[in-house]
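Q: There's a structure below that I have some questions on.
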Protein chains: 4
Amino acid sequence: MEEDTRDNSSEASPLVQVRELAGVLSAFAEERDWKQYHSPKNLVMALSGEVGELSEIFQWMTEDASKGASRDPACAQAIQDELADVLIYLVRLSDVLDVDLNAAVLHKLKTNASKYPVSKARGTSKKYTDI
Amino acid sequence: MEEDTRDNSSEASPLVQVRELAGVLSAFAEERDWKQYHSPKNLVMALSGEVGELSEIFQWMTEDASKGASRDPACAQAIQDELADVLIYLVRLSDVLDVDLNAAVLHKLKTNASKYPVSKARGTSKKYTDI
Amino acid sequence: MEEDTRDNSSEASPLVQVRELAGVLSAFAEERDWKQYHSPKNLVMALSGEVGELSEIFQWMTEDASKGASRDPACAQAIQDELADVLIYLVRLSDVLDVDLNAAVLHKLKTNASKYPVSKARGTSKKYTDI
Amino acid sequence: MEEDTRDNSSEASPLVQVRELAGVLSAFAEERDWKQYHSPKNLVMALSGEVGELSEIFQWMTEDASKGASRDPACAQAIQDELADVLIYLVRLSDVLDVDLNAAVLHKLKTNASKYPVSKARGTSKKYTDI
């Protein structure tokens, strides 16, 4: 009889793995004596700053232009750098808050699946409170 | 003769792995016919919205209080949910932009290491342009 | 008999007046043929970008340091410039959306006063849903 | 001989007047003993939160739809409320930082006019560093 492994497959193969990066960032901060600045509050502000820079790249683009932005050599590197910065601060923030991002995402995906069942959410961008 | 494995070590053990999540999110959007809404421009706005919600959790906390926020049952779940939402939109955005987050982070870490050498950056929160 | 003028005093002396600035910004955009870029959606992104720059100025400061930030010659001008940028995009956005900011603020202040009565809100930073 | 009144015309008729609102907000905070929470750092985070809420309203709209958003009864009030919230925190922040928004805006408009001369900026959304 075949065992159904779906329920624990997420543990065997996590959706996201960021532990290595968390370690590298912690060491980077430690070496520079920066841990004194890395309170969750400060890191949330740093994250806001990086998302702001990402917004600036896309603010005047049409949606269509935004779809090809990665192929435009003039902004491809800037986009990659800003996405990396957002991830770096997000992982550092989760680390100082002792939050397991993989577990948090699994939990949120379940919530989203129940808030947005396919039958009601299909083809609409409305918020779950309005469908 | 010892082989230098530094160059390909990052491939063997990536700093971040988000491919599984990217796949789950793509399927989630596909099932709901949401891909029409997921332009990079729109996803950057969604990311801004989630980071705004994270800011709201921390806005009136002192830095010290923010350090213990994860242990406060009243806000622990909210924090995890918002961190998950930020990661979800970041991974979805990177996917539609065809950006490899692991490669982007590796590149950015090199840039940061050269902008902020330990000797100059130690113990200061100044920007690289000012040190 | 003395007339009670409280009800229409807000019309006689508005809380905020931004019409002059709205006119200047509209002309500035017109002269440069920029109105094609000034959709509400784009302007919201531009506003996010400016608030992100403001966050970057304050991200590593302690709350105490932030209180004296305007007196620090190194960042006073940067702060003024970012505050101005936020106001500029906010007024431009309100103008293209045909929103009367003075009326909107009056309405919001009434809502806030009823959500946060002094008796319940005194000395707490909790959200109205929690008091 | 005609007098040149350009220099002081801005004083006679300011581009923006927010002093009344600043006073109302200060009294509102004072009555609730909220001034302890209103450090510039905290208010910048509150501003980020409100701009995040504005982003959420517009995130899935096309640019064209965003142009008519104020006429949609379903979101007109939400838009007005969020614009008001952004202005409220911006004015409160400027007040605690002792920044004169009118002067800051006048200064920034001069900078913008010289960064973006009509001859170079016409019809392009490029940043001043690229034109």
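Q: Considering every residue within the stretch A:113-121, establish whether at least one is crowded, with 22+ Cβ neighbours inside 10 Å and under 21 Å from B:Arg19 (Cα atoms).
A: no
Q: Inspect the stretch A:17-29 for any residue being buried (at least 18 other Cβ atoms within 10 Å of the Cβ), touching an Asp or Glu at 6+ places or on another chain (Cβ under 8 Å), at the interface with chain C (Cβ under 8 Å from one of its Cβ atoms) and not small (Gly, Ala, Ser) and give the result as yes or no.
A: No, the stretch A:17-29 contains no residue that is buried (at least 18 other Cβ atoms within 10 Å of the Cβ), touching an Asp or Glu at 6+ places or on another chain (Cβ under 8 Å), at the interface with chain C (Cβ under 8 Å from one of its Cβ atoms) and not small (Gly, Ala, Ser).
Q: So D:Val51 fits all but one of (1) within 14 Å of chain B (Cβ to nearest Cβ); (2) within 22 Å of C:Pro117 (Cα to Cα); (3) touching a Leu at 6+ places or on another chain (Cβ under 6 Å); what number is the exception?
A: (2)
Q: Right, here's the next one. I'm checking my understanding of the structure. Among residues of the stretch D:58-74 that are surrounded by 11 or more Cβ atoms within 10 Å (Cβ to Cβ) and assigned to a helix (DSSP H, G or I), which one is modelled with the lowest pLDDT?
A: Result: D:Ser70.
Q: When you scan the stretch D:66-81, do you find a residue that is basic (Lys, Arg) and within 14 Å of chain B (Cβ to nearest Cβ), even just one?
A: no
Q: Something else now. For the stretch D:34-85, which positions are in contact with a Ser or Thr (Cβ under 6 Å, 6 or more places away or on another chain) and either of a type in the set (Phe, Trp, Tyr) or within 18 Å of C:Lys126 (Cβ to Cβ) (or both)?
A: Listed by number, the residues that qualify are D:Tyr37, D:Ser39, D:Met45, D:Gly49, D:Phe58, D:Trp60.
Q: Kindly evaluate A:Met61 against the criterion of being of a type in the set (A, V, I, L, M, F, W, C), closer than 20 Å to B:Tyr37 by Cα and touching a Lys or Arg at 6+ places or on another chain (Cβ under 8 Å).
A: yes
Q: From the list A:Ser66, A:Ser125, A:Ser94, which residue is in contact with a helix residue (DSSP H, G or I) (Cβ under 6 Å, 6 or more places away or on another chain), closer than 19 Å to B:Asp95 by Cα and among the small types (Gly, Ala, Ser)?
A: Checking each option against the conditions leaves just A:Ser66.
Q: Quick one: what pairs do we get from the stretch C:112-131, first residue hydroxyl-bearing (Ser, Thr, Tyr), second in a helix (DSSP H, G or I), C-beta under 8 Å, 6+ apart or different chains?
A: C:Tyr116/C:Tyr128; C:Ser125/D:Tyr37; C:Tyr128/C:Lys115; C:Tyr128/C:Ala121
Q: Collect the residues in the stretch D:94-125 that are in a helix (DSSP H, G or I), among the aliphatic types (A, V, I, L, M) and more than 14 Å from chain A (Cβ to nearest Cβ), keeping them in residue-number order.
A: D:Val96, D:Leu101, D:Ala103, D:Ala104, D:Val105, D:Leu106, D:Leu109, D:Ala113, D:Val118
Q: Quick one: is B:Tyr89 of a type in the set (Phe, Trp, Tyr), at pLDDT 95 or above and within 13 Å of the chain's Cα centre (by Cα)?
A: yes
The values are calculated or read from the model by the stated rules, or taken from the named source; none is laboratory data. Quick caveat: nothing in here was measured; it's all calculated off a predicted structure. Because the Cβ atoms are built from the backbone with ideal geometry, glycine has one as well, and the counts that use them run over all protein chains shown.
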